[in-house]
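Report on the structure given below.
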C-alpha cells in the first residue's frame, strides 16, 4: 500500500476532496449520535444533585459501593485493591518502557491513548479501593465505636447528616466518573486489540514494523487486566455509554487531522491517510467496529452476573 508523502498532507488540495468530506460526515455523525445519547440519558433532567439527600442519596451510594466492592460476598475489598495496584504497576512499567525505547511519537497511536486510559483507570481505581477499604473497616467497627452512640442535639444532628450526605455524594460522583472511564477503557481496549490483531498484522504491511515484546504487551495486556478487574468488581455496564467511547475515538481522529493539517508528519495508521483507496470505507468500517467491540464487552459483563446469580446465588452480591 502506497502512503502519501508527509509534506503533501499540509497542502490545501489534500483536504479539499470528496473523500475527506465523506470522512467528516462519519466522524461528526458519530459525535452527534454520542452527544444525543449523553443528553438523553445523562442530561440535566437525569443527573442527581446535592439537594437530594433522601432517596437520591441512596442511589448515589450504590454507585459509590460499585467502585470498590467485589461482586463476591465475603471477599474483602483489599483483594480488589491489590489487583488494581499490581495492574497499574504493570501497565505503567509497560508504557514507560515503550516510550523510553520508541520515543514520545508513540502518542500519535490510538494504542498509546488506550494504554494511558487503562493505566489511569487502574490508578483511579486503586485510590477508590483504598477509600473503600477505609469505608469497609469503619462499617465493620462502627458497633464498637462509642462515639457513634453519643446523643446529638437537633442542630448537631442536622449538621452531621448534611456533612455525611455531602461526603457520600462527593465520593459517589468520582465513582460515577470512574465507571465511565471503565466503560471507555473497555471499548477502546477491545477496538485497539481487535483492529491490531485482525486487521493490521494480517493484512497491512507497515515499513519498519517489528512484532516486539512491548508491542505485543501494548496490544494485549490492557484487555487481559481489564477482564480480570471485570471478573472481580461490581460495576454495571449501561449500553448507552458507548457514547463516551465514540467521542474518544472521534477526538483522536480530529487530533490526527489537525496535526497533519499543521505539521508535515506521518500517519500512524495507513487507513487514516485520506489518499488511500477506499479511505471513507475504512473510516466507516472502523466506526462500525465500535458496536461489536463494545457489545462484546457488554455481554461479558452480563454473562458474569448471570453465571454468579445462577450458579453461585449464595456468594453473589449486587448493589442494584
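The values are calculated or read from the model by the stated rules, or taken from the named source; none is laboratory data. Small disclaimer: the values here were computed from a predicted structure and weren't measured. Here the Cβ positions follow ideal geometry from the backbone for every residue, glycine too, while neighbour counts run over all protein chains shown.
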Determine whether residue 271 is at pLDDT below 85 and within 20 Å of residue 193 (Cα to Cα).
yes
Being in contact with a helix residue (DSSP H, G or I) (Cβ under 9 Å, 6 or more places away or on another chain) and modelled with pLDDT under 80, is that true of even one residue in the range 63-71?
yes
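With closer than 24 Å to residue 174 by Cα and at pLDDT 85 or above as the only criterion, which of 259, 225 stands out?
Answer to the selection: 225.
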Expected output for the range 261-289 (first residue touching a residue at least 24 places away in the same chain (Cβ under 8 Å), partner in a helix (DSSP H, G or I) and exposed (fewer than 15 other Cβ atoms within 10 Å of the Cβ), Cβ below 6 Å, 6+ apart or cross-chain) is 264/6; 264/7; 264/10; 265/6; 266/6
Matching option when the condition is crowded, with 19+ Cβ neighbours inside 10 Å and either modelled with pLDDT under 80 or closer than 22 Å to residue 77 by Cβ (or both), among 186, 163, 231
186
Residues of the range 93-107 being crowded, with 19+ Cβ neighbours inside 10 Å and within 14 Å of residue 269 (Cα to Cα), in sequence order, are 106
Criterion (at pLDDT below 90, surrounded by fewer than 16 Cβ atoms within 10 Å (Cβ to Cβ) and at positive phi) met by exactly one of 212, 208:
208
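For (1) closer than 20 Å to residue 253 by Cβ; (2) touching a strand residue (DSSP E or B) at 6+ places or on another chain (Cβ under 7 Å); (3) part of a loop (DSSP other than H, G, I, E, B); (4) modelled with pLDDT under 85, each residue gets a yes or a no:
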| site | (1), (2), (3), (4) |
| --- | --- |
| 7 | no, no, no, yes |
| 29 | yes, no, no, no |
| 36 | yes, no, no, no |
| 46 | no, no, yes, yes |
| 53 | no, no, yes, yes |
| 56 | no, no, no, yes |
| 61 | no, no, no, yes |
| 94 | no, no, no, no |
| 101 | no, no, no, no |
Could you please let me know if residue 276 is under 23 Å from residue 113 (Cα atoms) and surrounded by 18 or more Cβ atoms within 10 Å (Cβ to Cβ)?
no
